[in-house]
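Participant: So that we are looking at the same thing, I have put the structure below in structure tokens.
The values are calculated or read from the model by the stated rules, or taken from the named source; none is laboratory data. Quick caveat, the model's predicted, so the values are computed rather than measured. Cβ coordinates were reconstructed from backbone atoms using ideal geometry, including for glycine residues, and neighbour counts include every protein chain displayed. Heavy atoms of the whole protein, side chains included, go into the accessibility calculation; ligands, DNA and RNA do not. Shrake-Rupley method; radii C 1.70, N 1.55, O 1.52, S 1.80 Å.
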Amino acid sequence: MDFSVGTLNFLANVGIILPYLLILARFQQTQSTTYLIALVAFYVSRAASIFYTKRLHLRASTYLILSLTLGAAGSLVFAFTAHLGWLIIGSLLWGYSAATIWPYFLTVKLHLTNLTNFKMKRIYWLIFAGLGVIAVIDIVTKFNYTLTFALLGVLYLVALPGGMMLQNVTRGLYDDLPWQIKPFQQGWRWALSLVFFAVMGVLTTLRKATVHLPTWLTLTIIGVALIILIVELRFDWHVLPQYKLRLLSRGFLVSLVLLFNSFFAYFYLGKNGMYVVFAIYLLGLETGYPLYHRLGRGNDFRSRDLSLIGVIVGQVLLLVPWIGSYLLGMLLITLYVGYDNPTINATLYGLETVDSDSAMVHKYRFSTYGGLLCQLGIFGLLVALSAAAHRPLLAFFNPQTTGHFALYFYGLSCPLVVISLLLTLGNIWVRPRN
């Protein structure tokens, strides 16, 4: 049971990104249109699922079991078939699992923290090492990641008993909450969402393959997506008063670091830029909270103020075209994200105005709104810039030379950083004062 719960812990921590990386690796290895379509389907499903997962109004522990089951089904589909239809189904199932496994696991974990003395054993690095060994064997033997997909599917199944045990431990929390399934409502919003995520699928395809669309059409598509995003935000704006702008800002920052700068770092650091950005992100994520907690001498308000000062300084530093200010700015931004993440989790879970069983889902919904806003900003600016400079769109996502640093710095990086800075300042303006 310890191994099962440890496996669940591991999958929750890596489940949002590992499936995407594996499907991307298989696409890059095969250059098959089949896997490109599967990759886009997974990406769209992962982005959409966090918005609609609570529509059945099930318990978080039940959703966690569902997420594990669909994750197992999705990964095993990729292990045993290359048929396009099945891969699309597998991508949709796996995308839902990737989007929901962490927020529901975190919810159940917070329930356990408040109800019991239960502690999870941190053995997931051992599991990660085992998965890494299998991946190496996969590459050496040219199995095209079949073994890795199969092992990951088995791990989802291994984690199921642990998930069921956690469900039993938290069952008492739901005694006063009858199990129910409510009908879907607001069909027009579902129709808008289909259009929006179809647009995100088109934009993701443009990032991965050479597809020629007229500039005016691409900008129109992005504009339509932006309008739909604003409409959706407007209808969800009543949720999490005083915290939604903070979450939007957080989601925008994470996408700015992990999506935009994983490519833009090439113009500062060459081909190793992406790995440096990931390393800085992990460093900030792990050390942000203890660092600011120590600097604030245990005072939450002082620590929060210092983290906000840090992120503003980091954003300003990114506006300076020098590698030293770039690296320091990235570190300060990721330190803020690392500090803000656990503090906002504790804050939202304890809010009386939000159901504790859905607080984490609301958090990741608004963070995803911020991330999608950043992506639309990236594509809108990039399409206009590519047309003005007569450069192909893929030149940014697959850079071969640093000769166009100024073009992307002033045309892409600076506007995105300014938007993130405005969101941060707005977050400071509306933040709770006590």
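Participant: Among the residues of region 237-278, write down those that are over 16 Å from the mean Cα position of the chain (by Cα) and among the polar types (S, T, N, Q).
Facilitator: Matches in region 237-278: Q242, N272.
Participant: Here's another thing I want to ask about it. Specify the residue that is farthest from A48 (Cα to Cα); the eligible residues are those in region 227-241 that are open to solvent by less than 70 Å² (accessible area, probe 1.4 Å) and not charged (D, E, K, R).
Facilitator: Looking at residues that are open to solvent by less than 70 Å² (accessible area, probe 1.4 Å) and not charged (D, E, K, R), I get P241.
Participant: Looking only at region 319-355, which residues are closer than 17 Å to R59 by Cα and either open to solvent by less than 20 Å² (accessible area, probe 1.4 Å) or β-branched (V, I, T) (or both)?
Facilitator: Residue satisfying the conditions is V354 alone.
Participant: If we scan region 267-284, do we find a residue that is in the same structural domain as T401 (by the TED database), of a type outside the set (F, W, Y), closer than 21 Å to T343 by Cα and open to solvent by 60 Å² or more (accessible area, probe 1.4 Å)?
Facilitator: yes
Participant: Which residues, taken from region 399-410, are surrounded by 12 or more Cβ atoms within 10 Å (Cβ to Cβ) and without any contact (Cβ under 8 Å) to a residue 40 or more places away in the chain?
Facilitator: Within region 399-410, L407, Y410 qualify.
Participant: What are the residue pairs meeting all of these: first residue in region 143-163, first residue within 14 Å of S67 (Cα to Cα), second residue in a helix (DSSP H, G or I) and among the charged types (D, E, K, R), Cβ atoms under 9 Å, and 6 or more apart or on different chains?
Facilitator: Pairs found: G162/D2.
Participant: Please state which of the following conditions S358 fails to meet, knowing it meets all the rest: (1) free of Cβ contacts under 8 Å to residues at least 12 places away in the same chain; (2) open to solvent by less than 20 Å² (accessible area, probe 1.4 Å).
Facilitator: (1)
Participant: Consider I139 carefully, then state whether it is touching a Ser or Thr at 6+ places or on another chain (Cβ under 6 Å), modelled with pLDDT under 75 and aliphatic (A, V, I, L, M).
Facilitator: no
Participant: Kindly provide the set of residues from region 210-268 that are part of a helix (DSSP H, G or I) and of a type in the set (F, W, Y), ordered by number.
Facilitator: Within region 210-268, W216, F235, F252, F260, F263, F264, Y266, F267, Y268 meet the criteria.
Participant: Okay, next question. Out of contact with any Lys or Arg (no Cβ under 7 Å at 6 or more places or on another chain), open to solvent by 10 Å² or more (accessible area, probe 1.4 Å) and outside any loop (DSSP other than H, G, I, E, B): is that true of T204 in this structure?
Facilitator: no
Participant: Among the residues that make up region 295-304, is at least one of them open to solvent by less than 10 Å² (accessible area, probe 1.4 Å) and over 23 Å from the mean Cα position of the chain (by Cα)?
Facilitator: Within region 295-304, one or more residues are open to solvent by less than 10 Å² (accessible area, probe 1.4 Å) and over 23 Å from the mean Cα position of the chain (by Cα).
Participant: In region 361-398, which residues are of a type in the set (D, E, K, R) and open to solvent by less than 20 Å² (accessible area, probe 1.4 Å)?
Facilitator: Hit for region 361-398 is K363, nothing else.
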